[in-house]
Amino acid sequence: MLATIQKQQNSYIVKFNRLLPHPVNAVWGLLTENGNLQKWMSNLEIIDLRKNGKFHFNMNDGTDAYKEITITDYAEKEILEIDWGTDTVRFELSSTSSGSLLVLLESIGELTEHTPKDLAGWHICLDLLSDLLNGTVHEEFPMEEWKKWFTEYKQLVGDVEKI
């Protein structure tokens, strides 16, 4: 399912919803345990899991280079929010009658030509997370699938910019 983008006063909110037929504990484990996290978002590594704690965004280029990311909000099994450059990414997790609802909210200051690339990346990462919950591990990032979603998000961002 394609994310939505809503214009706010001075920013944009991108919202991805994923209904998952798995309990909150299982989903939370994929968000907060390095061994699981890196199977769907290979660049992220948890260093200190708490509010004002840290993640590393590893460049994965053989140099051990990374960017430090601050955890700006945290409530165990409910909320995980991180700085994402000049933006923020927030995961909200709640129980449903059939499993759980994972909402990813990205607050973006301005839409750029890079925005559709990021959104397609988040879309694929959430698909990888869902697949992982269902027992499928992807050894490589599905670039062809990303290209398909990039086209969709490029159109969506273009439509929002016209408003």
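Mean residue ellipticity at 222 nm from the helices of the chain, using -39,500 (n - 2.57) per DSSP H segment of n ≥ 4 over the full residue count, to the nearest 500 deg cm²/dmol?
Details: 4 runs with 55 residues, N = 163.
So the calculated ellipticity at 222 nm is -11000 deg cm²/dmol.
Work out how much length Thr96 to Lys54 would gain on full extension: take 0.36 nm times their residue separation and subtract the Cα-Cα distance, in nm to one decimal.
Taking Thr96 through Lys54 to full extension adds about 12.2 nm, to one decimal.
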For the stretch 4-162, calculate the relative contact order in percent as a whole number, restricting contacts to Cα pairs under 8 Å that are 6 or more residues apart. 24 percent
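Taking the convex hull of the alpha carbon atoms in the chain, what volume per residue do you get, in Å³? Intermediate values should be presented prior to the final figure.
Values: hull volume 20.0 nm³, N = 163.
For the chain, the hull spanned by Cα atoms encloses 123 Å³ per residue.
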By the mean-Cβ-within-10 Å protection proxy, highest first, 125-134, 12-21, 70-79, 154-163 rank as 125-134, 12-21, 70-79, 154-163
dims of the stretch 75-163, Cα set, principal axes, largest to smallest, nearest Å -> 38, 30, 25
List the lysines whose Cα sits under 30 Å from the Cα of Lys77, skipping any in the same chain fewer than 8 residues away. Lys7, Lys15, Lys39, Lys51, Lys54, Lys67, Lys117
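Bear in mind these aren't lab numbers, they're just calculated from the coordinates by the rules spelled out. Everything numeric in this text was worked out from a predicted model, so none of it was measured. Positions of Cβ are backbone-derived with ideal geometry, glycine not excepted, and every protein chain shown enters the neighbour counts.
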